[in-house]
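Undergrad: Structure incoming, see below.
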Amino acid sequence: MLRFLALLLLAAPAPAQSLWNGYEKREFAVDGVKGYVVLPRMPAPGNPWLWRARFPEYHPDAAIALLGKGLHIAYYDLPNIFGSPKAVESFDHFYAYVTQTFRLSPKVALEGVSRGGLFVYNWALKNPEKISCIYCESPVCDMKSWPGGRGKGIGSAPDWKQALESFGFTEPRMLAFRGNPLDNAAALGAYRIPALHIVDEHDKVVPPEENTAPFAERYRSAGGAITVHYNTSLPESLSGHHFPIDDPAMVVNFILSHTAGRETLAGSGMTPHGVDYFHLREGLRNSLARFSQGGPARVVFLGGSITHMTGWRDMVCRYLGKRFPQTQFDCVDAGIPSTGSTPGAFRLQRDVFSRGPVDLLFEEAAVNDDTNGFGEREQLRGMEGIVRHARLLNPSLDIVLLHFADPGKLREIRAGRTPLVIRTHERVAEHYGLPSLDLAREVSERIDAGEFTWERDFLNLHPSPFGQTVYFRSIQRLLEAAWKDPAMPSSALRPYPLPPPLDEKSYFRGRLVPVNEANPGAGWSFIENWKSADGVATRPGFVDVPALISHQPGAECRFSFDGTAVGIFVAAGPDAGIVEYSIDNQPFQPQDLLTQWSPKLHIPWAYVLSADLPPSRHELRLRVSTRKNPQSTGHAIRIIHLLVN
C-alpha cells in the first residue's frame, strides 16, 4: 500500500481549485475517478473530516454546517458499483490519498445516502479502526430489497443489472449473496461504531422495514450503538425516498459528538450556539399555499446594493424553483444600490407592485438606513411605510425582513448592544407579525466562534461569494422552518390583520411623483433623458431618465401637492448644490445635497424635506442656493422624482 500511495502521489497533478457553497474545493482524481476535498475557513485541530458517499448535492446542509465547525468535507465520485470489492479497493486508495495530501485525521466520519449505504458499510467492515461514526439517510442495507425489488420495494431493473455486473454475479448468486450490510450488521455492531439512520416509513424505494429496521436490530444485538430517526417532514417525493430532513442539526450534533476535539460543540447544530437567528412570528403560510399550488408566482426583493448584487437573491430564486418545481417564479430584483427604507417606501408601488400581484416580499435596509445616517424616526417611518403600504395593497402578502451585517453592527453586537436600526426594524416586524432574520448577529457570532473571518472571508458589507452563501443558507433555514407544516389549500389564503400604525406619519401613503408635475421657473430645465456628462458613475434608474435640473443660483420652481410629507429624490454627484425650500410660504430652509459618496458617484438620495404637515393642500417652493458646500464643484440640483406621502 505504501508503494502504491507513493506512485499515486507522484502521478497525481496538483488539485485544482473551485468553490462549493462558498468554500474552497480542491479537485483531483484517484484511480481515474474524480474526487474533491472542501476546506473549512478555520480548520479544527487534527483536521477531522466527513466523507460523503454518493449524491453530494442532496441535503448538503449538515456538511456545510460542519465546514463552519472546522471539519473538511470529502467526496469520491465512484460510478454506480454498489459497494462492490472494486469500490472498497478504490475507497482505500482515496482514503490514502486524501489523508496524505491534505493531512486529514486518520479517523473519518462517513455519510451514506441511499445506495451510498452499501459503500460506507462495506468499507467500514474492512476498516473499522479508521471510522469515528457513520450517518446514513434512507440507506440500502440489502440489495435484494433494492435494486432487486424482491421484497416490498419497487426495485429498479436497470440498477439490478448494473449491480450484477459490478459484482460479477449471476442473479441466483446475488440472491444467495451474504455480503450485504444487513448480513454483516452483527459484525459491524461488534466494532461499536456509533451510527445514525434517518428514514421515512413511507419509503417504497428502500423500505426501512427491509433495510434499516433489521439492520439496526442486528447491530444493537452485537453491542453497536445506533439511532434510527423516522422522518415526518413533508413533502415527500420519489415514492417517499426523498424528503426534507426534520432537523439537519441532529446530523451535525451526532457527528460532532463523535469527532475528537469537537465534542464540546455537539448541541450547537447549524449555528454557533444551537439557536437560530430568525423569528417566525405569524409565518409565511400564504406563500406556502400559493407556491404549493403551482402556476405563476412572484417574489420581489426590495433593498439596496446587497440585494441588487449577484448572490443570495439568485440562490433564493434557485432554491424556490427546486422546492416548488410545479411553480413558475418571477423573481424581481427591486434593489437599488445606496437606498434604504425611506426611498423604498416611496418607490414601493413602482418597483414592487407594477408587474402585478406579489406573493412574497424580502426587504432589507438595516445597512443603508444606518450607514446613510437616517435617525430612529426615519428608520421607523420608512420601514413601516414599506410594510403597511404593502399589506394595504395585498393583505395576504408574506413579508420577510432581513438585517445584514456591516463593521459598525459587528462592533455594537460585540459590545453587548443590539444596533438601533435593528431594534427599530424589529419593532415593525413584531407589530405586523413578520418573520425576520438578524444576519448581523449571526455573522458576528460565527466569526467569534472561529468559523471564518470578516477580513479574509466575508471581505466587507458587500459580501464575497462565501458571505453570500452564508446569507442564503440562513434564509433557507428560515423558509424551511416557516414551511415545515403541510400547505393549506390556496383558496384558503387568509389576510393578515392590520394593526394601527406605530406612527401615523409613516410613509405608507408614499409615492413617486413625476418631475413634470412641478412648475419650473427661469433657470430650471426638464431633461427627458438625463445622462452624466462628467464621466462620474451613476446608478440604474437614476440615469437615462427624466430629470428636473438647475445649476443657477436663485432659480426657483414650485410644486403643489396633497399630503403630510414632501421631498425630492435626487442624483447627488460631485457638483451637488444646496437647495433651499419653503412650504406654504414659510421661511426658506437649506438642504445640502452633497453626500460623502458624491465625489465619485451621482448617488440616488431621498430627502424628505418636511414630514409632519397637516393633511391638506400645500405648496413647495425650491430655490438653488447661492451658497455651496466647500467640497462641491457646483450648484447642481438634479431631481429625478418628487416624493409625496
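The values are calculated or read from the model by the stated rules, or taken from the named source; none is laboratory data. Keep in mind that this is a model prediction, so the values were computed, not measured. Note that each Cβ is placed from the backbone with ideal geometry, even for glycine, and that neighbours are counted across all protein chains shown. The protein model used for the area step is the full one, side chains on, heavy atoms only, and it has no ligands, DNA or RNA in it. Shrake-Rupley method; radii C 1.70, N 1.55, O 1.52, S 1.80 Å.
Undergrad: In this structure, does G373 turn out to be in contact with a Ser or Thr (Cβ under 8 Å, 6 or more places away or on another chain) and either open to solvent by 10 Å² or more (accessible area, probe 1.4 Å) or over 18 Å from R539 (Cα atoms) (or both)?
TA: For G373, the condition - in contact with a Ser or Thr (Cβ under 8 Å, 6 or more places away or on another chain) and either open to solvent by 10 Å² or more (accessible area, probe 1.4 Å) or over 18 Å from R539 (Cα atoms) (or both) - is not met.
Undergrad: Going through the stretch 39-62 one residue at a time, which ones are over 12 Å from Y76 (Cα atoms) and open to solvent by less than 20 Å² (accessible area, probe 1.4 Å)?
TA: Listed by number, the residues that qualify are P40, A44, P48, W49, P60, A62.
Undergrad: For residues that are assigned to a loop (DSSP other than H, G, I, E, B) and either of a type in the set (D, E) or in contact with a helix residue (DSSP H, G or I) (Cβ under 9 Å, 6 or more places away or on another chain) (or both), tally how many sit in the stretch 86-127.
TA: First, pick out the residues of the stretch 86-127 that are assigned to a loop (DSSP other than H, G, I, E, B): 102-107, 114-115, 127.
Keeping just the survivors that are either of a type in the set (D, E) or in contact with a helix residue (DSSP H, G or I) (Cβ under 9 Å, 6 or more places away or on another chain) (or both) gives 104-107, 115, 127.
The number of residues fulfilling the criteria is 6.
Undergrad: How many residues does the stretch 284-308 contain that are within 17 Å of G541 (Cα to Cα) and among the polar types (S, T, N, Q)?
TA: The total comes to 2.
Undergrad: Tell me, yes or no, whether the stretch 1-17 has at least one residue that is surrounded by fewer than 20 Cβ atoms within 10 Å (Cβ to Cβ) and at pLDDT 85 or above.
TA: Initially, the stretch 1-17 is screened for residues surrounded by fewer than 20 Cβ atoms within 10 Å (Cβ to Cβ), giving 1-17.
Checking which are at pLDDT 85 or above leaves us with none.
For the stretch 1-17, residues surrounded by fewer than 20 Cβ atoms within 10 Å (Cβ to Cβ) and at pLDDT 85 or above: absent.
Undergrad: Now for a separate question. Scan the stretch 176-188 and report the pairs whose first residue is more than 16 Å from R115 (Cα to Cα) and modelled with pLDDT of 95 or more and whose second residue is of a type in the set (S, T, Y) and open to solvent by 50 Å² or more (accessible area, probe 1.4 Å), with Cβ atoms within less than 8 Å and a gap of 6+ or a chain change.
TA: Between residues of the stretch 176-188 that are more than 16 Å from R115 (Cα to Cα) and modelled with pLDDT of 95 or more and residues that are of a type in the set (S, T, Y) and open to solvent by 50 Å² or more (accessible area, probe 1.4 Å), the close pairs are A186/S221.
Undergrad: Okay, moving on. Looking only at the stretch 492-538, which residues are open to solvent by less than 60 Å² (accessible area, probe 1.4 Å) and charged (D, E, K, R)?
TA: Answer for the stretch 492-538, where residues must be open to solvent by less than 60 Å² (accessible area, probe 1.4 Å) and charged (D, E, K, R): D503, K505.
Per-residue answers, yes or no, for (1) open to solvent by 10 Å² or more (accessible area, probe 1.4 Å); (2) of a type in the set (D, E, K, R); (3) touching a strand residue (DSSP E or B) at 6+ places or on another chain (Cβ under 8 Å):
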residue	(1), (2), (3)
I81	yes, no, no
K86	yes, yes, no
F94	no, no, yes
V98	no, no, yes
R103	yes, yes, no
C136	no, no, yes
D142	yes, yes, no
G151	yes, no, no
S156	yes, no, no
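Undergrad: Among the numbered criteria (1) assigned to a loop (DSSP other than H, G, I, E, B); (2) touching a residue at least 40 places away in the same chain (Cβ under 8 Å), which one does V252 miss?
TA: V252 satisfies all of (1) assigned to a loop (DSSP other than H, G, I, E, B); (2) touching a residue at least 40 places away in the same chain (Cβ under 8 Å) except (1).
Undergrad: Being in a helix (DSSP H, G or I) and open to solvent by 20 Å² or more (accessible area, probe 1.4 Å): is that true of L410 here?
TA: Details: in a helix (DSSP H, G or I): yes; open to solvent by 20 Å² or more (accessible area, probe 1.4 Å): no.
Answer is no for this residue.
Undergrad: So which pairs qualify, if the first residue must be in the stretch 259-286 and closer than 22 Å to A405 by Cα, the second must be hydroxyl-bearing (S, T, Y) and not in a loop (DSSP other than H, G, I, E, B), the Cβ gap must be under 7 Å, and the two must be at least 6 apart or on different chains?
TA: Within 7 Å, the pairs are Y277/S474; F278/S436; H279/S436.
Undergrad: Please determine, by comparing only the residues of the stretch 480-491 that are of a type outside the set (K, R) and assigned to a loop (DSSP other than H, G, I, E, B), which one is most open to solvent (accessible area, probe 1.4 Å).
TA: Just the residues of the stretch 480-491 that are of a type outside the set (K, R), to begin with: 480-483, 485-491.
Okay, now just the ones that are also assigned to a loop (DSSP other than H, G, I, E, B), so 483, 485-489.
On the way: W483: 3, D485: 109, P486: 94, A487: 44, M488: 42, P489: 84 Å².
Ranking the candidates gives D485 first.
Undergrad: Looking at M270 and the list (1) open to solvent by less than 20 Å² (accessible area, probe 1.4 Å); (2) in a loop (DSSP other than H, G, I, E, B); (3) not β-branched (V, I, T), which single condition is not satisfied?
TA: M270 satisfies all of (1) open to solvent by less than 20 Å² (accessible area, probe 1.4 Å); (2) in a loop (DSSP other than H, G, I, E, B); (3) not β-branched (V, I, T) except (1).
Undergrad: So, of the residues in the stretch 434-450 that are open to solvent by 10 Å² or more (accessible area, probe 1.4 Å) and assigned to a loop (DSSP other than H, G, I, E, B), which turns out to be nearest to A482 (Cα to Cα)? Show your work before the answer.
TA: Looking only at the stretch 434-450, we keep the residues that are open to solvent by 10 Å² or more (accessible area, probe 1.4 Å), and these are 438, 441, 445-450.
Applying the additional criterion that residues be assigned to a loop (DSSP other than H, G, I, E, B) yields 449-450.
Numbers: A449: 27, G450: 29 Å.
Top of the filtered list is A449.
Undergrad: For S132, state whether it is in a loop (DSSP other than H, G, I, E, B), open to solvent by less than 30 Å² (accessible area, probe 1.4 Å) and polar (S, T, N, Q). First the steps, then the outcome.
TA: Working: in a loop (DSSP other than H, G, I, E, B): no; open to solvent by less than 30 Å² (accessible area, probe 1.4 Å): yes; polar (S, T, N, Q): yes.
Answer is no for this residue.
Undergrad: I need the full set of residues from the stretch 549-575 which are over 17 Å from V608 (Cα atoms) and touching a helix residue (DSSP H, G or I) at 6+ places or on another chain (Cβ under 6 Å), in order please.
TA: Those that are over 17 Å from V608 (Cα atoms) and touching a helix residue (DSSP H, G or I) at 6+ places or on another chain (Cβ under 6 Å): G573, P574.
Undergrad: Another question about this same structure. Look at L512 and say whether it is within 21 Å of W312 (Cβ to Cβ) and outside any helix (DSSP H, G or I).
TA: Numbers: within 21 Å of W312 (Cβ to Cβ): no; outside any helix (DSSP H, G or I): yes.
So L512 does not fit the description; no.
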